[in-house]
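Since the structure comes first, as structure tokens, the remarks are kept for the end.
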Amino acid sequence: MTAWKRFVHVKNPYLDTMDEDILYHLDLGTKTHNLPEMFGDVKFVCVGGSPNRMRAFALFMHKELGLVEGEEDIKDICAGTDRYCMFKTGPVLSISHGMGVPSISIMLHELIKLLHHARCCDVTIIRIGTSGGIGIAPGSVVITDTAVDSFFKPQFEQVILDNVVTRSTELDKELAEELFNCSKKIPNFPALIGHTMCTYDFYEGQGRLDGALCSFSREKKLDYLKRAYEAGVRNIEMESTVFAAMCGLCGLKAAVVCVTLLDRLDCDQITLSHDVLMEYQRRPQLLISNFIKKKLGLCDQIS
């Protein structure tokens, strides 16, 4: 009996009427590139804000998967544009998305269309990154069960034409549990499942007192962050709600895995040394690498 395949869906009837689809910000297209040949075997997509970090992840996965080609063969597929970078190592696609909802939204529209045009199936997509923690120690890895907005609601509001459209931000609970169980097998690896709050700003939007503008008191900041903690929020970043909403609508199994760089109840500025910062940033990569190898049946190669 043939296993049922889970394809990537697009929710746009107009795409079928187009003679060509130009993925402008990725420097790819349906007429200029053979997308099924280039990407048809992709099973895991990892996205993160920094181009350098995603290139480092691609090189790490190349080593972890024991691929034959040399590291010099790992080229930026999006080299024709300076918006995003993309690297492919075996069945793993590594892509940068920049900072904030608008930047990741543009990338996701074109990435999802790419996966659709390439006829990819059974794809798992994971955002890996950094965040500010709430009430947890720096270096903790938060696996998101639900992305929430600044009002602690599990929703993403998108202004479309002159209407506000609200979309769910639930993530795949089974995938989150699988990632959490995988984290237990890594020594000295602090991980937890919790809500992630997505904001539209790094400074005032996250209750920081150190921006160029500040319109609230220290007391109001702490009250807000404590209420977020009581609502189940364990970390704050700037992409998770739109990521969860878009992936959910398009049939993608999705997760968000972010390391915390500080406890926002204690401070606003990141004061970690470079070496500690680099070690923390590698933690989500290590977890996802082990998860991917487990799914590929490479259990004897778990880091």
* Structure fact -> Taking region 276-300 and keeping residues out of contact with any strand residue (DSSP E or B) (no Cβ under 8 Å at 6 or more places or on another chain), open to solvent by 30 Å² or more (accessible area, probe 1.4 Å) and of a type outside the set (Asp, Glu) leaves Val276, Met278, Arg282, Leu286, Lys294, Leu296, Gly297, Leu298, Cys299
* Structure fact -> Within region 4-50, of all residues that are open to solvent by 30 Å² or more (accessible area, probe 1.4 Å) and part of a strand (DSSP E or B), the one farthest from Thr89 (Cα to Cα) is Ile22
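Against the definition (hydrophobic (A, V, I, L, M, F, W, C), open to solvent by 60 Å² or more (accessible area, probe 1.4 Å) and not in a loop (DSSP other than H, G, I, E, B)), how does Met54 come out, yes or no?
Working: hydrophobic (A, V, I, L, M, F, W, C): yes; open to solvent by 60 Å² or more (accessible area, probe 1.4 Å): no; not in a loop (DSSP other than H, G, I, E, B): yes.
So Met54 does not fit the description; no.
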* To do: Working carefully through the options Thr260, Thr241, Thr271, find the one that is more than 21 Å from Ile292 (Cα to Cα) and surrounded by fewer than 24 Cβ atoms within 10 Å (Cβ to Cβ).
  => Thr271
* Asked: If you take just the strands (runs of 3 or more DSSP E) that sit entirely in region 64-182, which of them hold at least 2 residues that are among the β-branched types (Val, Ile, Thr)?
  -> 92-96, 124-133, 141-148, 155-160, 163-168
* Asked: Can you find a residue in region 123-146 that is open to solvent by less than 10 Å² (accessible area, probe 1.4 Å), modelled with pLDDT of 95 or more and of a type in the set (Lys, Arg)?
  -> yes
* Quick one: which residue in Cys46, Cys85 is in contact with a Ser or Thr (Cβ under 8 Å, 6 or more places away or on another chain), modelled with pLDDT of 95 or more, under 19 Å from Lys294 (Cβ atoms) and outside the structural domain of Lys293 (by the TED database)? => Cys46
* Asked: Ile143: of a type outside the set (D, E, K, R) and either in the same structural domain as Val68 (by the TED database) or touching an Asp or Glu at 6+ places or on another chain (Cβ under 6 Å) (or both), yes or no?
  -> no
* Breaking point among (1) surrounded by 14 or more Cβ atoms within 10 Å (Cβ to Cβ); (2) in contact (Cβ under 8 Å) with a residue 40 or more places away in the chain; (3) within 23 Å of the chain's Cα centre (by Cα), for Phe180 -> (2)
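The values are calculated or read from the model by the stated rules, or taken from the named source; none is laboratory data. Please read all numbers here as calculations on a predicted model, not as lab measurements. Note: ideal-geometry Cβ built from the backbone for every residue, glycine included; neighbour counts use all protein chains shown. Side chains included, ligands, DNA and RNA excluded: accessible areas come from the protein's heavy atoms. Shrake-Rupley method; radii C 1.70, N 1.55, O 1.52, S 1.80 Å.
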